[in-house]
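Comments concern the structure below.
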Amino acid sequence: MKRIFLFLLIFAVLADAAWLVVIRPNPELRELARLPSRSELTAAGREIAASAPVRRFLSGELLRPQPLEPLELVPEDALLLIDAADAAAAGRTFLSSRFGRTLKDIHWSAVLDQIDVPLLLRKPAEEQLASLQHLLAHPLLQEAFSRRTVLALLPPEPEALAAAPLDTLLTRALLLTAPPPEGGAAFLDLLKTEKKQPNLLYHHGMGILVLELDHDRKLHAALVGGQIALSLGLEPVQQSIDLFISHFIYKRNGLAARRDYAELKQEAGGRDDFFLYADLARLKALLAGEAALPPLEITITSGIRSMALFHRPDGEAAKLTTVLRFAPEALRLPLQKKIYTAAPVTNRTLAKMPASLLLYVWSGWLQPDCWRQSLIDSGRQETADKTDAWFKAQTGLSFGEILSLFGREFSVNIAEISTTGLFPVPRLCFVVEVRERKKAERFLSRMLSGLPVKSEKLPNGGTIVSLQAAKGMLQPSYAFADGFLYLADSREQLVAILAESGGRMQDDASFQAVDTGKGQPGNLLIFARAAQLTDGLKELAAWGGTMIAVRNDLAGEKSKVLIDQVIMPLLDSLGGFETVSLRSFTRSGELVLEAAALTAAAAAKQPEIASEAEPQFE
């Protein structure tokens, strides 16, 4: 005790000394050491009480759960999910497009009547479609679709699915949408304006409104985690409530916590305004179940686990990406395994393609001899042997030896579709990678032996060999250049490709707008000038209808109905697109497809490529 008093005395003496020697002579230090007055303490307390954090705490706002992401309210076992930023606006945009208006204006019932499709076959589908359209037109759903909307399909019972497929799927669908600006309670109040007053159920203390709709259906609605949950079945809404409650323990649950979904969603880069996810392995197992629909055996889908399809705004073009995920060890067919696991390669012929081509299809997917090997792998060795023998007799090389001359890269293009003759003729050019040029040259020389041919050289040193058919009026031609064999209907097509003058397709602005690869290795590339290509396709469709009518009057009448009332209007509507493209490539465990389309209105803003003079022959 004495020591404590001694310490206190020493502290008091030192404090007084510090005050007299250090603090008192210095006004700034004296101000710091001064104790606050009662008025100052009162003012400080008022400022703290008026601060935002304290007000939120005192109001209980911090204790209330914050709104959840819609995906956190979707059960993890969901089979299918669609996430749309504004589904109503997307639907209006589609229906107001040329294609959408045409699709809507076609009198489908009259067409089906004229081509004698039995009413017994189409009536169930028409009734189900009318019922679905009536449901989607409901004001409540229209209100929901005007904001971010998440639609999920939860696993149904196989027995129920077999008995009533559409009704079962509808009752297992869950729709989640953000509340309107007025709040979720205001949206739910709309239910009470219906003719039939809704019932009220409770699940874990949370209310679920039940509204009776037409066709003996019930709509269930609840405000869950800051989202509005809607379903024609009670259980999906209850599952969302369960997830909301479990969120207090597990901060991230539901579908958002599934690794496969999260990885595919990440590939969209956060810029998607539409995202679809499907658990294909479980969907196929469900459809193939004995208690559900008839067995579904599509071997090309074996090994596929899941898929994602998403749209991302990107410049003037509309771009859509599909990602298929597969398990390589589960791929059944040898050909399927080669397609899904083939490494991407660089397209070495794109730089030579003229800008004016209507259609360009390139593949770097498979070695040519894999087609013969697929016959052998599927147990058709005899067919492969007979094919080898026939080619050996005709050319001196077996079918396998001919295929071994060529490599992986192959392309075909259409320069134009000529409509001046009796029937439309596309001007085709084939390009194939050559492994052994000398053998390939000898092979072609033997095939053309005894026929009139003409060789001409280009200024850059390339040689074009043309067959002089019909006294030179027809000149199918070929040429070897840069490790490739070019085969075309006419020498002009080869000149346009090999002369290295004039505009190139890869430099054309309308191609660049839909070029999703930007020179990266790939497995497939398709590019088409839709507006120009459809004119030729219409001619082909008309010619096909004429040929059918010549062979069979009754079939000709039906084909005329389809061509005049369906095919022609739809082809006309495609004129709203200037260019379209499809690119595909593989990566570890994934097959990716990227589609893009440039509208004619957007293309009008693109700069044109100046054409150069056609090269002259020596």
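Applying the Karplus relation 6.51 cos²θ - 1.76 cosθ + 1.60 with θ = phi - 60° to region 75-92 yields 3J(HN,Hα) values of x, 5, 8, 4, 7, 8, 9, 10, 10, 10, 5, 7, 5, 5, 5, 4, x, 5 Hz, where x marks Gly and Pro. Distances between placed amide hydrogens fall under 5 Å for residue 435 paired with 406, 407, all partners being 5 or more residues away or on another chain.
The magnitude of the dipole of region 451-519, with charges of +1 and -1 set on the Cβ of Lys/Arg and Asp/Glu and taken from the Cα centre, is near 280 debye. Scanning residues 5 or more positions from residue 208 or on other chains, those with amide H under 5 Å from its amide H are 201, 202, 203, with H placed 1.01 Å from N in the peptide plane. The count of lysine pairs in region 327-403 that are at least 8 places apart or cross chains, and whose C-alpha atoms lie under 29 Å apart, stands at 4. Take the Cβ atoms of residue 564 and residue 305, set R0 to 51 Å, and the FRET efficiency comes out at 0.70. The string of couplings for region 345-353 from the Karplus curve (6.51, -1.76, 1.60, θ = phi - 60°) is 10, 7, 6, 9, 10, 4, 4, 8, 6 Hz, one whole number per residue in order, with x for Gly and Pro.
For region 314-320, putting each phi into the Karplus relation 6.51 cos²θ - 1.76 cosθ + 1.60 with θ = phi - 60° gives couplings of 8, x, 7, 8, 8, 10, 10 Hz, in residue order, rounded to whole numbers and with x for Gly and Pro. Length available on full extension from residue 442 to residue 39: 0.36 nm per residue minus the Cα-Cα distance, which gives 134.4 nm. In this label model, residue 509 and residue 146 are separated by 3.8 nm, measuring between points 7 Å along each Cα→Cβ vector.
Per-residue accessible area (protein heavy atoms, 1.4 Å probe) orders 99, 326 as 99, 326, starting from the largest. With the simple model of a label 7 Å out from the Cα in the direction of the Cβ, residue 470 to residue 130 spans 5.4 nm.
A simple spin-label model places the labels of residue 329 and residue 543 5.3 nm from each other, with each point 7 Å out along Cα-to-Cβ.
The values are calculated or read from the model by the stated rules, or taken from the named source; none is laboratory data. The model shown is predicted, which means the values in this text are computed figures rather than measured ones. Cβ coordinates were reconstructed from backbone atoms using ideal geometry, including for glycine residues, and neighbour counts include every protein chain displayed. Heads up: the accessible areas ignore ligands, DNA and RNA and are worked out on the full protein's heavy atoms, side chains in. Shrake-Rupley method; radii C 1.70, N 1.55, O 1.52, S 1.80 Å.
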